[in-house]
Amino acid sequence: MEELNKTMVKEFILVGFSDLHHYQILFLIAILLMYITSVAGNFAVIILVKTGLSLHCPMYYFICVFAALEISFVSVTVPRLLANMIVSNKKISFVGCFVQLYIFSVLGITECFLLAVMAFDRDLAINHPLRYSSVMNHLCVFLLVVTPFIISCIITLFPTIFTADLKFCGPNEINHFFCELTSVQKLACSNTFISKILTSVATTFASLIPFILIIGFYIHIIITITKIKSVEGKHKAFSTCSSHIIVACLFYSTVIIVYINPQGSQYDKFLTLMYTVIVPMLNPFIYTLRNNDVKKVFLTTMLNKFKYC
């Protein structure tokens with residue numbers, strides 16, 4: 001009976017931004033517009049890559065996969081946030097909470113590793129252009145896309161299982177707008193040492209290794225670019241990876257800001273919005289406005305549609 005009483009929590013309450021009473025409608029409209037822009041923008045990138053024959057290469061295939069991940073990433077948390085801002089019932093079931101937690105973590109870690117894969121792709125293209133086509137065959141590209149997802153599923157599984165196995169006997173209010181590992185662990189009334197250690201190890205491994213790989217690849221790329229004598233050649237080499245550098249910097253800088261910030265700060269939720277909503281909204285514009293190939297396909301597509309009309 002005592003064991004049953006320790007696990008009586010069957011649902012959680014997502015507090016979200018309920019403290020913004022006077023700005024609730026304005027905040028709801030802003031997040032809704034950002035969500036629509038993010039989904040539409042990333043979906044447009046996928047369509048452009050699929051329809052533009054000049055974009056049928058590994059680099060743009062990775063961009064297409066990254067855009068699909070971004071759509072999934074924002075869709076795991078934002079619709080629930082919008083619903084909670086409209087209705088008074090902010091409850092989420094115990095199982096539903098951990099499903100959301102697991103999917104969000106898997107997608108986030110997959111993005112980290114995929115950014116490293118994209119950096120490797122640019123490094124190979126710039127430093128070994130003659131070998132690029134033979135190395136980046138269909139099988140290699142498929143493995144480079146699937147492997148990050150498999151690694152993410154395994155890395156996330158252990159901290160999620162050990163956190164779900166904790167005793168939750170109340171309170172059940174999560175001071176966040178979605179089920180996030182550290183926020184859920186704070187509600188446990190049993191020893192969270194193992195689950196916190198596993199979370200720290202998983203977070204460090206999932207963020208640090210891809211970050212080091214990205215730094216290493218781009219140092220190698222920059223060294224190669226500085227050896228190119230012609231200004232036009234330097235510009236062409238740098239333009240092929242400039243958009244990816246900006247996206248990687250945006251993603252990692254916002255994540256670092258969130259996790260360097262002391263846990264329990266009242267600004268955690270607002271900082272988390274940066275990499276869960278704002279960055280996915282900006283990425284499609286970076287890929288279209290900073291990439292000449294994508295801009296050409298976009299202008300050609302729009303021109304053809306105009307002629308057809």
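The values are calculated or read from the model by the stated rules, or taken from the named source; none is laboratory data. What you see is a predicted model, and the numbers here were worked out from it, not measured in a lab. Because the Cβ atoms are built from the backbone with ideal geometry, glycine has one as well, and the counts that use them run over all protein chains shown. With ligands, DNA and RNA removed, areas are computed over all heavy atoms of the protein, side chains included. Shrake-Rupley method; radii C 1.70, N 1.55, O 1.52, S 1.80 Å.
For beta carbons closer than 6 Å, sequence separation of 6+ or different chains, a first residue in the range 15-31 that is closer than 13 Å to PHE177 by Cα and among the β-branched types (Val, Ile, Thr) and a second that is at pLDDT 85 or above and open to solvent by 40 Å² or more (accessible area, probe 1.4 Å), the qualifying pairs are VAL15/GLU173; VAL15/ASN175.
Is it the case that the range 230-250 has a residue that's assigned to a loop (DSSP other than H, G, I, E, B), closer than 28 Å to PRO280 by Cβ and in contact (Cβ under 8 Å) with a residue 24 or more places away in the chain? Checked the range 230-250: at least one residue is assigned to a loop (DSSP other than H, G, I, E, B), closer than 28 Å to PRO280 by Cβ and in contact (Cβ under 8 Å) with a residue 24 or more places away in the chain. Please find, within the range 283-292, the residue that is farthest from SER38 (Cα to Cα) out of those that are buried (at least 17 other Cβ atoms within 10 Å of the Cβ) and either aliphatic (A, V, I, L, M) or over 11 Å from the mean Cα position of the chain (by Cα) (or both). Residue satisfying both the conditions and the ranking: ASN291.
Quick check: is even one residue across the range 28-35 hydroxyl-bearing (Ser, Thr, Tyr) and out of contact with any helix residue (DSSP H, G or I) (no Cβ under 7 Å at 6 or more places or on another chain)? Write out each step before concluding.
Taking the range 28-35 first, the residues hydroxyl-bearing (Ser, Thr, Tyr) are 35.
When the remaining residues are screened for being out of contact with any helix residue (DSSP H, G or I) (no Cβ under 7 Å at 6 or more places or on another chain), the result is none.
Looking for residues that are hydroxyl-bearing (Ser, Thr, Tyr) and out of contact with any helix residue (DSSP H, G or I) (no Cβ under 7 Å at 6 or more places or on another chain), one finds none in the range 28-35, hence no.
Inspection of the range 167-189 finds no residue satisfying the criterion of being at pLDDT 90 or above, more than 30 Å from MET8 (Cβ to Cβ) and either in contact with a strand residue (DSSP E or B) (Cβ under 7 Å, 6 or more places away or on another chain) or surrounded by 14 or more Cβ atoms within 10 Å (Cβ to Cβ) (or both).
Sort out which residues of the range 133-152 are closer than 19 Å to GLY216 by Cα and open to solvent by 30 Å² or more (accessible area, probe 1.4 Å), and write them in order of number. Write out each step before concluding.
Let us first name the residues in the range 133-152 that are closer than 19 Å to GLY216 by Cα, namely 144, 148.
Scanning the range 133-152 gives a single hit, LEU144.
In the range 159-203, of all residues being within 23 Å of the chain's Cα centre (by Cα) and in a loop (DSSP other than H, G, I, E, B), the one that is nearest to ILE86 (Cα to Cα) corresponds to PHE177. Against the test of being outside any loop (DSSP other than H, G, I, E, B), modelled with pLDDT under 90 and β-branched (Val, Ile, Thr), the options VAL106, VAL117, VAL49 yield a single qualifying residue, VAL49. For the range 266-282, taking the residues that are more than 15 Å from the chain's Cα centre (by Cα) and in a helix (DSSP H, G or I), the one that is farthest from ALA67 (Cα to Cα) is identified as ASP268.
The set of residues from the range 1-22 being at pLDDT below 50 and hydrophobic (A, V, I, L, M, F, W, C) comprises MET1, LEU4. Considered as a group, the residues in the range 59-95 that are more than 18 Å from the chain's Cα centre (by Cα) and free of Cβ contacts under 8 Å to residues at least 40 places away in the same chain include one that is surrounded by the fewest Cβ atoms within 10 Å (Cβ to Cβ), and that residue is SER88.
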